[in-house]
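A short write-up of the structure that comes next.
The values are calculated or read from the model by the stated rules, or taken from the named source; none is laboratory data. What you see is a predicted model; the values in this text were computed from it and never measured. Cβ sites come from the backbone with ideal geometry, for glycine too, and all protein chains shown count toward neighbours. We work out accessible area using only protein heavy atoms, side chains counted, and drop any ligands, DNA or RNA first. Shrake-Rupley method; radii C 1.70, N 1.55, O 1.52, S 1.80 Å.
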Amino acid sequence: MIEETRLPESVMAELSKIIPGPEPPLEVRIPRIPVVEESLTRRIIPVSDPKLDGNELRYLTQCVQSGWISSAGRFVREFEQAFAAAMGCRHGVACSNGTTALHLVLATLGVGPGDEVIIPTFTMIATANAVRYTGATPVLVDAERETWNLDVTQLAAKITARTRGITLIHTYGHPVDMSPLLDLAERRGLWVVEDAAEAHGARYKDRPVGSLSRAASFSFYANKIITTGEGGMVTTSDGELARLARRLRDHAFSDERHFWHKYVGFNYRMTNLQAAVGLAQTERLEEFIAIRRANAARYTGRLSRIPGLTLPVERPWARNVYWMYGVVVEDEFGISRDVLRNRLARRGIETRTFFIPIHLQPIYYELFKGQRYPVAEELCQRGLYLPSGATLTEPEIAYVCDMVREAREEAL
Ligand SMILES: Cc1ncc(COP(=O)(O)O)c(C=O)c1O
């Protein structure tokens, strides 16, 4: 049986200075300040929950009534076309989730043992795991302090004779500065893949993310800007890559004989039920982005008056879609990120800490032993994201900001 990876106590003692403490229990909000709180209806304010009040139910009903519930139904194709078009791409290949979509891209590109793929250390575990599933080795770069994206200036030093490509992520909805990265990749003969799991509709110099590289992967998990419950998609304008990815997604059945396999394929298909929801969600993508951007502006307006918080940025060339509204809790704030988080949890406010970098994860610790990435470690230690979903109301944002201010004032 598989055994869990445990780090020695001495290592854990060091890491616990950086990694977040255990999850605080969320307590139901008890109304205390009637004037501020009377317009709040929810007792718990979630980090991000789905908004499913468009055509979702109607399309789902059509699946059930017609009996088309597998991946063979028409909504899969319609969703792929609608979503790919919204991302400025010619092709979409719907998958079972964002991790399988990313793995499918790497597998289609032929990544394998002996290869190296450069990724940011400040990312969700799936970015690294997708590389590992192919047998290749992830190589890490640090983050930059303002956008939290990978630091493009550190890439060149990481390229070796084994490097095949770069997978980047558009962190929490802010696009990466693509031009210098793409220039470097082209000069060194590397492909670039966007892990765009968190950035549906974000734009770099007016072009949608997902269309800025050879191929991209998206996630439609329930907390994402648009959702299918679980789901993912590969987007690309490369017809051959799309054709191969489609084949590998479906056990790599051959055209000439059905049960005849010339590649090791996967079953990474999306069902018609998921795609029905995805199509309805795609119809409202711009509306959901507008809500998230308006929420971000409200947060920034209120929180910028509180000392000690570093707020998210939007570069002049970027459209940030603020999948999550993150704040970095600086020393000047007076209490640590974990203390702030515990206090917010006691007021019914759900938050999430920023990523724990890949090089500090138990499963990757040996591989990257001795490597330090100070910016990612600092973000891990100080970063927190606040409720950011499309169902968030203006009074809820005001309440969250008041509770952040109150937590700081209590400490003074
Ligand atoms: C950057 C990044 N990549 C990949 C994934 C994996 O997506 P999924 O959970 O749909 O497999 C996520 C999920 O949140 C993510 O944030």
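A few points about this structure:
- Looking only at the range 256-276, and only at residues there that are out of contact with any helix residue (DSSP H, G or I) (no Cβ under 9 Å at 6 or more places or on another chain) and either acidic (Asp, Glu) or outside any loop (DSSP other than H, G, I, E, B) (or both), the one that is nearest to residue 70 (Cα to Cα): 261
- Residue in the range 257-272 that is open to solvent by less than 10 Å² (accessible area, probe 1.4 Å), more than 16 Å from the ligand (Cβ to nearest atom) and either on the phi > 0 side of the Ramachandran plot or touching a Leu at 6+ places or on another chain (Cβ under 7 Å) (or both) present: no
- Restricting attention to the range 151-168 and to residues that are open to solvent by 40 Å² or more (accessible area, probe 1.4 Å) and of a type outside the set (A, V, I, L, M), the residue that is nearest to residue 97 (Cα to Cα) turns out to be 164.
- Given (1) under 30 Å from residue 63 (Cα atoms); (2) over 15 Å from the mean Cα position of the chain (by Cα), index of the condition residue 139 fails: (1)
- Scanning the range 192-223 for residues that are within 12 Å of the ligand (Cβ to nearest atom) and surrounded by fewer than 24 Cβ atoms within 10 Å (Cβ to Cβ), we see that the one that is nearest to residue 56 (Cα to Cα) is 222.
- So residue 279, is it within 19 Å of residue 100 (Cα to Cα), at pLDDT 95 or above, in a helix (DSSP H, G or I) and open to solvent by 10 Å² or more (accessible area, probe 1.4 Å): no
- Residues that are within 16 Å of the ligand (Cβ to nearest atom) and either open to solvent by 10 Å² or more (accessible area, probe 1.4 Å) or of a type outside the set (S, T, N, Q) (or both) within the range 229-244 comprise 229, 230, 231, 232, 233, 234, listed in sequence order.
- For residue 189, the requirement of being crowded, with 21+ Cβ neighbours inside 10 Å and either of a type in the set (Phe, Trp, Tyr) or part of a loop (DSSP other than H, G, I, E, B) (or both) is not met.
- Picking from residues in the range 326-362 that are assigned to a loop (DSSP other than H, G, I, E, B) and polar (S, T, N, Q), the one that is surrounded by the most Cβ atoms within 10 Å (Cβ to Cβ) is 351.
- Residues of the range 264-305 satisfying the condition of being among the aromatic types (Phe, Trp, Tyr) and touching a Cys at 6+ places or on another chain (Cβ under 6 Å): 268
- Residues satisfying the stated conditions in the range 169-180, i.e. away from the ligand (no atom under 16 Å from the Cβ) and either assigned to a loop (DSSP other than H, G, I, E, B) or surrounded by 20 or more Cβ atoms within 10 Å (Cβ to Cβ) (or both): 177, 178
- Filtered residues of the range 364-402 (kept if closer than 19 Å to residue 11 by Cβ and buried (at least 22 other Cβ atoms within 10 Å of the Cβ)): 373, 376, 377, 380
- Candidate set from the range 302-325 (those that are within 20 Å of residue 395 (Cα to Cα) and open to solvent by 40 Å² or more (accessible area, probe 1.4 Å)); member that is modelled with the lowest pLDDT: 305
- Contacts under 7 angstrom Cβ, first residue in the range 190-203 being on the phi > 0 side of the Ramachandran plot, partner within 13 Å of the ligand (Cβ to nearest atom), 6 or more apart: 201/225
- Out of 268, 299, sole residue that is at pLDDT 95 or above, farther than 22 Å from residue 393 by Cα and among the aromatic types (Phe, Trp, Tyr): 268
- In the range 16-36, the qualifying residues are those that are surrounded by fewer than 16 Cβ atoms within 10 Å (Cβ to Cβ) and among the basic types (Lys, Arg), and the one that is modelled with the highest pLDDT is 17.
- Note on the range 50-102: residues that are within 18 Å of residue 211 (Cα to Cα) and in contact (Cβ under 8 Å) with a residue 40 or more places away in the chain total 18.
- When residue 163 is tested against (1) within 15 Å of the ligand (Cβ to nearest atom); (2) touching an Asp or Glu at 6+ places or on another chain (Cβ under 6 Å), only condition (1) is not met.
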